[in-house]
Each structure stands twice: as structure tokens, then as C-alpha cells.
Amino acid sequence: MKSDDIWAGYDPVKVRSALKESAGALRGVDAEQLMADIHLARQQDSEGRPADA
């Protein structure tokens, strides 16, 4: 049975570990270009989610 509790199985130690491992993952990424790409992607229709108006 699926739990409706979004915190079921939450492990703060694993979360902290994952955050430490991801540190620097975007190093070297052009932040302005990334934001522009995200903006363009949000303008496209996708299954279950219409484009932003």
C-alpha cells in the first residue's frame, strides 16, 4: 500500500550525504545560459503540463 506521508522513509543523514556529494556539480556551468534554457523549456508543452501562459 502506498503511503500518503511524504516524509515516510526520509533519512536526514542520507540527505546530508547526497548534498555533500553534489557540491560543485554545476561548477563551470554558465548560469545565465542555464536559466535561459530552463525558461525556454517551460514554454514548451509536455505530457500532463501545458506550457506557461
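Each value in this text was obtained by applying a stated rule to the coordinates, not by laboratory testing. This structure is a prediction, so every number in the text was calculated from the model and none was measured. Positions of Cβ are backbone-derived with ideal geometry, glycine not excepted, and every protein chain shown enters the neighbour counts.
Which listed residue (ALA31, ILE6, SER17) has the Cα farthest towards the positive end of the charge dipole for the chain, taking +1 on Lys and Arg C-beta and -1 on Asp and Glu C-beta about the Cα centre?
Farthest along the dipole direction, towards plus: SER17.
Hey, what number do you get for the chain at 222 nm if only DSSP H runs of n ≥ 4 count, each worth -39500 (n - 2.57), divided across all residues, to the nearest 500?
After summing the helix terms and dividing by the residues of the chain, the value is -13500 deg cm²/dmol.
Please give me, ordered by residue number, the GluC sites (Glu not before Pro) of the chain that lie in loop per DSSP and have at most 15 other Cβ atoms within 10 Å. Write out the running numbers ahead of the final one.
Working: sites: GLU21, GLU32, GLU47; in loops: GLU47.
Of the GluC sites (Glu not before Pro), the ones in loops of the chain whose Cβ has at most 15 other Cβ atoms within 10 Å are GLU47.
Calculate, for ALA25 and SER3, the FRET efficiency according to 1/(1 + (r/R0)^6) with r their C-beta to C-beta distance and R0 30 Å; round to the nearest 0.05. Don't skip to the answer; put the middle values down first.
Values: r = 30 Å, r/R0 = 0.99.
Result of the calculation: an efficiency of 0.50.
What number comes out for the charge environment of LEU26, summing +1 per Lys or Arg and -1 per Asp or Glu over other residues with Cβ under 13 Å away? Walk me through the numbers before you get to the answer.
On the way: positive: ARG27; negative: ASP30, GLU32, ASP37.
With Lys, Arg at +1 and Asp, Glu at -1, the neighbours total -2.
Tell me, what is the FRET efficiency for SER17 and ASP37 to the nearest 0.05, using R0 = 22 angstrom and their Cβ-Cβ distance as r?
Details: r = 29 Å, r/R0 = 1.31.
The pair SER17/ASP37 has a calculated efficiency of 0.15.
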